[in-house]
Amino acid sequence: MCTRQPVRTRLCGAFPDARSACIAAFRVWLEFVLCAHHTNGNDTGPKRKEPQMNRVLQSVSLLGLTMLGVLCLQSAPVLADDDVSLNARLLASARAGDEAGVRGALEQGAAVDSRNRIGDTALITASKRGLTGMARTLVDHGANVSQPNLQGVTPLMAAAFGGYPDISTMLLARHADLNATDRIGKTAMVYAAGQGQAAIVKQLLDAGVDVNARYQHGLTALMWAAGYDKGDVVQLLLSRSADASLRDDRGLTARQIAEQAGAKAVAAMMAARQ
């Protein structure tokens, strides 16, 4: 006779959600199997009873597993819907610039690195828009500071392009990938130099980016800045030992690129330094 304490739970109408029912079903199944096994193990009757008891064990196990499977299948969509709803709230709040909404979604269990249809996380959205407080909240909740979107753009690239040094400082402090490239080979340095974001260019150099690093088509940060007529960045890079004699895969120097682009002031400045 089984002396184990029964599970004091009903399977119907006693659970707040399907997950609880699933767990209870598993407990009931386990209790039945353990009791049956206990009875079988202490059976002093003829050996011919063992096949019958084995069949009972198999039937009970199959019934329990069937109940467990059905309830778990019922619970999965509910949990998935809850998760999707929270994640959608997180992304919608980030898109709306609602820092309180972002914090609330995270506190209720939203996945901090959830991504929208173009692969943007909430942190990428905050970095694109210069939402420093929101970015800090996300980072403090464990957001991946190097997670790219579908185009390969990372939060650091987004901050570099937009010119948000407070956000880039925060990301660099969390060891964001300095040398990550997007799908067309651009890095945070390329974005910062091409957009004329001198403060962020300085941050990246201070963080260890090589001032003469070669990017797509053999271009350097100096070439990007010169081609987009970003005089402040050109001056900064030259002061940090950028090599103006380097050539891209067309054989052009930064000065020649500036001349082709019509960046006359930058071209003249570079000519004066030679």
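The values are calculated or read from the model by the stated rules, or taken from the named source; none is laboratory data. The structure displayed is predicted, hence computed values, not measured ones. FYI the Cβ positions are ideal-geometry reconstructions off the backbone, even for glycines, and counts take in every protein chain you see.
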Within the stretch 160-188, considering residues that are among the small types (Gly, Ala, Ser) and touching a Pro at 6+ places or on another chain (Cβ under 8 Å), the one surrounded by the fewest Cβ atoms within 10 Å (Cβ to Cβ): Ala180
Test: residue in the stretch 108-120 that is among the charged types (D, E, K, R) and either buried (at least 21 other Cβ atoms within 10 Å of the Cβ) or outside any loop (DSSP other than H, G, I, E, B) (or both): yes
Leading residue by the ranking (surrounded by the most Cβ atoms within 10 Å (Cβ to Cβ)) among those in the stretch 243-263 that are in a loop (DSSP other than H, G, I, E, B) and among the aliphatic types (A, V, I, L, M): Ala263
Test set (1) within 30 Å of Asp166 (Cβ to Cβ); (2) at pLDDT below 95 - His141 fails condition number: (2)
Test result for Asp210, without any contact (Cβ under 8 Å) to a residue 40 or more places away in the chain, among the acidic types (Asp, Glu) and either surrounded by 21 or more Cβ atoms within 10 Å (Cβ to Cβ) or touching a Gly at 6+ places or on another chain (Cβ under 8 Å) (or both): no
Filter result for the condition that a residue is in a loop (DSSP other than H, G, I, E, B), of a type in the set (Ser, Thr, Tyr) and without any contact (Cβ under 8 Å) to a residue 40 or more places away in the chain, over Thr181, Thr137, Thr169: Thr181
Residues satisfying the stated conditions in the stretch 88-144, i.e. small (Gly, Ala, Ser) and in contact with a Gly (Cβ under 7 Å, 6 or more places away or on another chain): Ser93, Gly130
Matching residues, the stretch 215-242, being in contact (Cβ under 8 Å) with a residue 12 or more places away in the chain and either in a loop (DSSP other than H, G, I, E, B) or among the polar types (S, T, N, Q) (or both): Tyr215, Gln216, Leu219, Thr220, Tyr228, Asp229, Lys230, Gln235, Arg240, Ser241, Ala242
Selection count where residues are closer than 22 Å to Ile184 by Cβ and either in a helix (DSSP H, G or I) or outside the structural domain of Met189 (by TED's automatic domain parsing) (or both), scope the stretch 140-164: 8
